[in-house]
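Student: Starting off with a structure, shown below.
Just so it is clear, none of the values below were taken in a lab; they were calculated from the coordinates. Being a predicted model, the structure only gives us computed values, none of them experimental. All Cβ positions, even for glycine, are placed from backbone atoms using ideal geometry, and neighbour counts span all protein chains on display.
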Amino acid sequence: MEFTDINKNLHLGENMGGIMQVVRFGFWADVETWPTKPSNPATIEENAVLTGDIVMKAGKRMFDMYITDDTGEFQIESVGEVDGKSYVLHLSLFHPGLQKKILGFINAIKNDNLFFIVSDAEGQKYLMGDELRPAIFNGSPEGNGTGKATSDRKGMSCEFIYKTNNVYVYDGNIPLTEATSA
Amino acid sequence: MWKDYFKMIKLVPGRVVISGHGTVDFSRDDIPVALIKKLYENDFPYLELTPRGKEKLYGLKKDTPISTYSKPPIQNKPVQKRNRKKRSPNKTGKQFR
């Protein structure tokens with residue numbers, strides 16, 4: 001792998017914080033094939049990019065989830081002892097309201113295995129989940145419910161975590177429609 | 001209409017988020033053919049060229065296979081018959097030198 005200078009390199013000066021108002025998710029068990037991790041990267045940039053698409057099993061699909069603006073965050077936490085470093089990726093978000101759809105979602109996924117695709121403000125995508133480990137629900141850091149005052153925020157906050165050896169960018173497509181067998 | 005020239009494969013026609021192009025809804029009929037052609041040529045994995053697309057967009061005959069390189073035509077050499085005698089197997093099945 002060829003190492004190079006790492007300069008400022010902000011494309012067109014873009015470096016806004018936060019994530020898009022939509023995250024994409026699916027069930028880990030519904031994935032047919034995962035994008036591949038770099039195995040013999042030529043450059044340090046290639047060492048951060050997955051190759052290929054997530055392909056869902058026939059009849060399965062990925063889904064959109066709306067989040068309130070400025071409530072979504074993707075965090076990369078470094079964990080582990082010396083010689084045993086790895087990462088925990090965190091996705092936290094807030095979905096407004098207590099509609100049946102979001103309640104049913106939380107009921108269904110709270111103990112299930114998922115994957116997420118998160119896009120930052122420049123459109124760079126991060127995949128939370130791989131063939132070995134899923135993303136899982138880690139609770140509600142900002143609480144769920146109606147709030148107390150009429151001016152409080154009502155809705156569901158969620159955090160999902162994914163443990164990984166390395167952090168990768170996902171450059172593949174995101175089909176939001178059912179996969180077919182052919 | 002783009003569906004005359006291309007067919008969606010591996011997915012039920014619907015929305016796909018494509019890097020550099022945003023969300024494209026393949027259930028719609030009014031997607032510009034130029035966009036679909038560009039996706040196909042950039043190895044978008046969910047499009048297949050129809051026989052009509054082959055002919056109209058690439059000037060190929062309907063039965064011409066699309067490939068990234070042109071294979072040289074296979075030339076069938078005439079089979080030369082040699083005047084060999086067939087060996088008759090021995091009855092025991094053993095081989096003798």
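Student: Using the C-alpha atoms of the range B:2-58, what convex hull volume per residue, in cubic angstrom, is computed?
Tutor: Convex hull volume per residue, Cα atoms: 76 Å³.
Student: Assuming 0.36 nm per residue, please report the length gained on full extension of the stretch A:E142 to A:S78 beyond their Cα-Cα distance.
Tutor: Working it through step by step, the gained length comes to 20.8 nm.
Student: Hey, if you put +1 on the Cβ of every Lys and Arg and -1 on every Asp and Glu Cβ in chain A, which of A:N111, A:S92, A:G13 ends up farthest toward the positive end of that dipole?
Tutor: A:N111
Student: Separate question: Dipole size in debye (nearest 20) for the range A:39-80 around its Cα centre, Lys and Arg Cβ +1, Asp and Glu Cβ -1?
Tutor: Working: 3 positive and 8 negative charges, 93 e Å.
Dipole magnitude for the range A:39-80 comes out near 440 debye.
Student: Using the Cα centre as the reference, give the magnitude of the dipole from point charges on the C-beta atoms of the range A:130-182 (Lys, Arg: +1; Asp, Glu: -1; all else neutral), rounded to the nearest 20 debye.
Tutor: About 320 debye.
Student: 7 Å from Cα along Cα→Cβ at both A:F63 and A:Q124: what's the point-to-point distance in nm?
Tutor: 2.9 nm
Student: How far is it, in nm, from the label point at B:D29 to the one at A:V49 when both lie 7 Å from their Cα along the line to the Cβ?
Tutor: 3.8 nm
Student: Something else about it: Round to a whole angstrom and tell me the spacing of the C-alpha centers of the range A:1-67 and the range A:103-132.
Tutor: 12 Å
Student: Further question on the same structure: When the helices in the protein assembly as shown are scored as -39500 (n - 2.57) per DSSP H run of 4 or longer and the sum is shared across all residues, what 222 nm value do you end up with, to the nearest 500 deg cm²/dmol?
Tutor: -2500 deg cm²/dmol
Student: Tell me, what is the FRET efficiency for A:I6 and A:D70 to the nearest 0.05, using R0 = 35 angstrom and their Cβ-Cβ distance as r?
Tutor: 0.75
Student: Evaluate the charge dipole of the protein assembly as shown about its Cα centre and quote only its size in Debye, nearest 20, assuming +1 on the Cβ of each Lys and Arg and -1 on the Cβ of each Asp and Glu.
Tutor: For this selection, approximately 3400 debye.
Student: Can you give the Rg to Rh ratio for the range A:28-182, taking only C-alpha atoms and Rh from Kirkwood?
Tutor: Working: Rg = 16.9 Å, Rh = 17.0 Å.
Dividing the radius of gyration by the Kirkwood radius yields 0.99.
Student: Volume per residue, Å³, of the convex hull around the alpha-carbon atoms of the protein assembly as shown?
Tutor: Measuring per residue, one finds 324 Å³ for the Cα hull of the protein assembly as shown.
Student: For the range A:23-170, with the dipole built from +1 on Lys and Arg beta-carbon atoms and -1 on Asp and Glu ones, taken about the Cα centre, which of A:Q124, A:A149, A:A42 lies farthest toward the positive end?
Tutor: Positive-most Cα among the choices belongs to A:A149.
Student: In chain A, once you exclude exposed trypsin sites (Lys or Arg not before Pro) (DSSP loop, at most 10 other Cβ within 10 angstrom), what's the longest stretch remaining?
Tutor: That gives A:9-84 as the longest site-free run.
Student: Could you state, as a whole-number percent, how many of the C-alpha pairs of the range A:1-68 are farther apart than 15 Å?
Tutor: Cα-Cα pairs in the range A:1-68 separated by more than 15 Å: 71 percent.
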